[in-house]
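Encoded as C-alpha cells, the structure appears first; notes follow it.
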Ligand SMILES: C[S@@+](CC[C@H](N)C(=O)[O-])C[C@H]1O[C@@H](n2cnc3c(N)ncnc32)[C@H](O)[C@@H]1O
C-alpha cells in the first residue's frame, strides 16, 4: 500500500517550483510519478518531503535541484527516431540547402533536447551520407539537454541494442563498432558534436546560441505547458538564420503558438521555417 506523504498542496508547490525553473508542467495525474522521485531524493538526505521542499526552495538552481530534474525527465530516444521526418530533412530540405550554400559550405545544427545523444549522432550520419563532399564542409552540431546524466552517456557514445534497432545495417557497419554487446559510435562522427548542458528556460543561455541553420527539438515540448512552449519557440526563432528550419516532434505544433514561422506540410509532419525577409 502506497503511503501518501505528499498532500495535494505540497505537490502543487513542487510543481510550481519545477515549472518555473524548467518549463516542465505536471498535472495532478502525474502525482505518483513525481512523488516517487522526490521521495527517493529526500530519503537520501533522510528528511521528509516538506523539509526537502524547503531545502530546494532556499538553494534553487543548486546541484540538488538539478539532480532531482535528472530523475524526473523522460529521456526516451533512439537512433533514426521518426524516420519519415528525417527522410524529409535528408532528401528534400538538405539538398536545397547544400546547393544554396555551396560557396559558404558551413552548416550549423542545434539539437536542443538531445537526451543520450542518439538524435545528434543520427544527424551527423545523415550529413556525412547526404552531402556531396562532406569533408569540404564545416559541420557544427550543438547538442544540449537540461539533464547532466544523459549528457554524460551521450559523450561516451556507447549504446545497447535497443537504441540502434532502427539504424540501417549499412550505417551500423560503417559508423559503429561492436564490443561486448555494446555499440560504440565512431570518433569520426563524434568530432562533429559539441555536447552542452542548456536549460531551454534559461534565457541568457539561449541568447548565446545563434546562426543556426536547423534546430531539432523533438519530443521535449510535450512536457511543457503552452506558455513555456511559446517562449522556447520564440527564442529558437532568434537563434535561427533567416531561411532556417525548426523540426519538432510528431505531436508538437507551433501553429497556435507562433505565427512568425512559415509552416509547410511534408509527408506526415509539419516543418517550420524562419522567413528569409525577417
Ligand atoms: C524524450 S527526450 C527526447 C530526445 C530526442 N529529442 C528524441 O526525440 O528522441 C526529452 C528530453 O528533453 C529534455 N528536457 C526537458 N526539459 C528540458 C529543458 N527545460 N531544457 C532542456 N532540455 C529539457 C529531457 O531531459 C529529455 O532528455
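Descriptive notes on the structure:
- Selection within segment 232-252 - within 15 Å of the ligand (Cβ to nearest atom) and surrounded by 14 or more Cβ atoms within 10 Å (Cβ to Cβ): 232, 233, 234, 235, 236, 239, 246, 247, 248, 249, 250, 252
- Strands (runs of 3 or more DSSP E) completely within segment 165-278 that count 3 or more residues being more than 20 Å from the chain's Cα centre (by Cα) and farther than 21 Å from residue 21 by Cβ: 176-179, 182-185, 262-266
- Residue list for segment 123-158, restricted to those being in a helix (DSSP H, G or I) and over 19 Å from the mean Cα position of the chain (by Cα): 128, 129, 130, 134, 135, 136
- Within the option set 70, 88, 99, being without any contact (Cβ under 8 Å) to a residue 24 or more places away in the chain and either part of a helix (DSSP H, G or I) or within 11 Å of the ligand (Cβ to nearest atom) (or both) holds for one residue only, 99.
- Count of segment 106-141 residues, restricted to those that are within 14 Å of the ligand (Cβ to nearest atom) and in contact with a helix residue (DSSP H, G or I) (Cβ under 6 Å, 6 or more places away or on another chain), is 9.
- The C-beta contact set for segment 18-43 (first residue more than 16 Å from the ligand (Cβ to nearest atom), second residue assigned to a loop (DSSP other than H, G, I, E, B), distance under 6 angstrom, 6+ apart or interchain) comprises 35/6.
- Only one of the listed residues (131, 68, 72) is farther than 23 Å from residue 205 by Cα and at pLDDT 95 or above. That residue is 131.
The values are calculated or read from the model by the stated rules, or taken from the named source; none is laboratory data. From a predicted model like this one, the values you see are computed outputs, not experimental measurements. Glycine also receives a Cβ, built like all others from the backbone with ideal geometry; neighbour counts cover every protein chain displayed.
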